[in-house]
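The values are calculated or read from the model by the stated rules, or taken from the named source; none is laboratory data. Just so we're clear, the structure is a prediction, and the values are computed from it rather than from any experiment. Glycine also receives a Cβ, built like all others from the backbone with ideal geometry; neighbour counts cover every protein chain displayed.
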Amino acid sequence: MKIDKKIIEELVGYLKEFNLSEIEYADGTRKVKVSRAMNNSSIISAEVNKKKTIVENNGTNVTSPIVGTAYLAPEPGAKKFVEIGQKVKKGQTIMIVEAMKTMNHVPSTENGTVSKIFVKDGEP
């Protein structure tokens, strides 16, 4: 089976552009799966429309590892996970991102104080 390098290059581009850990493509006769190891200690800056971001006062961006719908509270009408000015601890859930009917908790990457929230509740 001959593999089209353009397809692989395009898939690798999507991995980088959307900060994905894995992507799969199938055209009926063949299937290509490309994956990469994710470095959890690095923070990738992205446009707000592409990623969901909350900034802590020390300048650390907390970016969702996936694209989806952002929820700032555990359920409608509930208290938000964080508010501007609130102190947070490393590992504390600061929002949920729903992708493919799965709720993914996004934790704070370090201790700090929330200085700005770039997404609105329910924003895709």
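Within the option set V55, V34, being under 17 Å from the mean Cα position of the chain (by Cα) and either part of a loop (DSSP other than H, G, I, E, B) or modelled with pLDDT under 90 (or both) holds for one residue only, V55. Of the residues in region 105-119, none is free of Cβ contacts under 8 Å to residues at least 12 places away in the same chain and farther than 16 Å from T63 by Cβ. Can M103 be described as of a type in the set (A, V, I, L, M) and exposed (fewer than 13 other Cβ atoms within 10 Å of the Cβ)? So M103 fits the description; yes. Criterion first (at pLDDT below 85 and not aliphatic (A, V, I, L, M)) does K50 satisfy it? Spelling it out, K50 is indeed at pLDDT below 85 and not aliphatic (A, V, I, L, M). Selection of region 1-19 for residues being in contact (Cβ under 8 Å) with a residue 40 or more places away in the chain and touching a strand residue (DSSP E or B) at 6+ places or on another chain (Cβ under 9 Å) yields only N19.
A single member of K80, K116 is more than 28 Å from I7 (Cα to Cα), assigned to a loop (DSSP other than H, G, I, E, B) and at pLDDT 85 or above, and it is K80.
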